[in-house]
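Right, one structure below, let's go through it.
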Amino acid sequence: MKIKHVTYYICQFCEEKFTSKEECKRHEASEMNLTLEEYKELEELEKKEMETSGVLAISSNQELRDNQDKAIHNVIAFRKKHHLKEDENLKHI
Ligand SMILES: [Zn+2]
């Protein structure tokens with residue numbers, strides 16, 4: 001018996017399956033009307049936003065708070081520029 005493990009990457013919008021991560025990202029990017037590069041840029045911005053909010057939870061340092069504001073602003077600015085929907089998670093601003 002042979003067991004083959006296949007990893008699928010699933011589109012977060014329509015749940016279509018992909019066997020390649022790159023293919024999946026390309027597809028998700030097109031769902032958002034972004035190029036792959038733009039989609040990666042957005043991911044990077046969102047990652048930064050998440051990182052700063054994680055640090056913020058354990059600190060009330062003003063500089064960190066400013067960094068987080070900037071990180072959130074960058075994500076929102078990107079989404080506005082590309083006419084994307086508001087991120088539900090960022091509504092508290
Ligand atoms: Zn899709």
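No lab work stands behind these numbers, since they all come straight from the coordinates. These numbers were taken from a predicted model, which means no experiment stands behind them. Methodologically, a virtual Cβ is constructed for each residue, glycine included, from the backbone with ideal geometry; neighbour enumeration extends over all protein chains shown.
Between H5 and Q62, the FRET efficiency estimated from the beta carbon spacing at R0 = 41 angstrom works out to 0.30.
Using the crude model of +1 on Lys and Arg Cβ and -1 on Asp and Glu Cβ, and no other charge, please compute the dipole size for the chain relative to its Cα centre, in debye to 20. Let's see the in-between values first.
Details: 16 positive and 20 negative charges, 58 e Å.
Once rounded to the nearest 20, the dipole reads 280 debye.
Per residue and in cubic angstrom, what volume does the convex hull of the Cα atoms of the chain have?
On the way: hull volume 11.9 nm³, N = 93.
Convex hull volume per residue, Cα atoms: 128 Å³.
With runs of 4+ DSSP H residues as the only contributors, calculate the mean residue ellipticity of the chain at 222 nm using -39,500 (n - 2.57) per run, divided by the residue total and rounded to the nearest 500. After summing the helix terms and dividing by residue count, I get -19000 deg cm²/dmol. Can you tell me which lysines have their Cα less than 30 Å from the Cα of K81? Leave out same-chain residues fewer than eight positions away. Within the straight-line cut-off, K81 pairs with K17, K21, K25, K40, K47, K48, K70, K91.
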